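Visitor: The following block contains the structure, expressed as structure tokens.
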Amino acid sequence: MAAIDPTGTMPLTTEQHVVLTRQTVRQLCQQIKLSLVEQTKMITAASELSRNTLIHGGGGRMRWELLARDGRAGLALHFEDEGPGIADLKLAMTDGWTSGAGMGLGLPGSKRLVHDFVVDSAPGKGTRVSITQWK
Ligand SMILES: Nc1ncnc2c1ncn2[C@@H]1O[C@H](COP(=O)(O)OP(=O)(O)O)[C@@H](O)[C@H]1O
Ligand SMILES: [Mg+2]
């Protein structure tokens, strides 16, 4: 399979995009030769966050960046939307808390699965969640 570009963007406005996102993240993980365990963690987190972008954020995009720091490869993913934003981040990061009908584990669970996790959100402006997995 042809290599994916080191940086890129894909839309997240349909369920099909969520599926495509998962496939792309898998391929990116394989490209930097992440272990199967780290791949699975990253794909699971990407799956949760892309669904959040679609459902809670009203659609947005995923940007990716292949990284190299001190000879170490990494993959950064940014899930971005211009939706309603998150009013109470602390609450949103609580296990089991959902504003809808979810399980409330997407954000806190994703944080536990990856090496770096940053949420940037403002009510009325939108949300960006960035995650990074290092090799
Ligand atoms: N992109 C987003 N835009 C707006 N709100 C969000 C976004 N992502 C998460 N949230 C808020 O954070 C809550 C917790 O998210 P999560 O842990 O994934 O649980 P769930 O998706 O099951 O509700 C959501 O219920 C929602 O209120
Ligand atoms: Mg969720």
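Visitor: Most fluctuating residue of 21, 13, 94 in a GNM of the chain with Cα springs under 10 Å: which is it?
Guide: Per the Cα network of the chain with a 10 Å cutoff, 94 tops the list.
Visitor: I'd like the carbon and sulfur percentage of the solvent accessible area for the chain, probe radius 1.4 Å, heavy atoms only, ligands and nucleic acids excluded.
Guide: That share works out to 55 percent.
Visitor: Give me the one-decimal nm value for the distance between modelled label points at residue 101 and residue 69, 7 Å along each residue's Cα-to-Cβ direction.
Guide: 4.0
Visitor: Which whole-number percent gives the relative contact order of the chain, counting Cα pairs below 8 Å spaced six or more residues apart?
Guide: 26 percent.
Visitor: If you place +1 on the Cβ of every Lys and Arg, -1 on the Cβ of every Asp and Glu, and leave all else neutral, what size is the dipole of the chain about its Cα centre, to the nearest 20 Debye?
Guide: 320
Visitor: Heads up, I need the accessible area for residue 50: 1.4 angstrom probe, whole protein in place, Å², nearest 10.
Guide: Accessible area of residue 50: about 0 Å².
Visitor: In addition: How large is the accessible surface per residue of the chain, computed with a 1.4 Å probe and reported in Å² as a whole number?
Guide: 54
Visitor: Here's another thing I want to ask about it. Compare 44, 98, 24 in a GNM of the chain, Cα atoms joined below 10 Å, and give the one with the largest fluctuation.
Guide: The residue with the greatest mean-square fluctuation here is 98.
Visitor: By the gyration tensor of its Cα atoms, with a ≥ b ≥ c the square roots of the eigenvalues, what is the shape of the chain: rounded for a/c under 1.5, prolate for a/b over b/c, or oblate?
Guide: Here the chain falls in the prolate category.
Visitor: Now, a different point. How do 117, 79 rank by accessible surface area computed with a 1.4 Å probe, from largest to smallest?
Guide: 117, 79
Visitor: So how exposed is residue 118, as accessible area in Å² (1.4 Å probe, rounded to 10)?
Guide: The value for residue 118 is about 90 Å².
Visitor: Rank 27, 39, 16 by mean-square fluctuation in a GNM of the chain with C-alpha springs under 10 angstrom and give only the top-ranked residue.
Guide: 16
The values are calculated or read from the model by the stated rules, or taken from the named source; none is laboratory data. Every value quoted in this text rests on a predicted model; they were computed, and no experiment measured them. Glycine also receives a Cβ, built like all others from the backbone with ideal geometry; neighbour counts cover every protein chain displayed. What goes into the accessible areas is simple: the full protein's heavy atoms, side chains included, and nothing from ligands, DNA or RNA. Shrake-Rupley method; radii C 1.70, N 1.55, O 1.52, S 1.80 Å.
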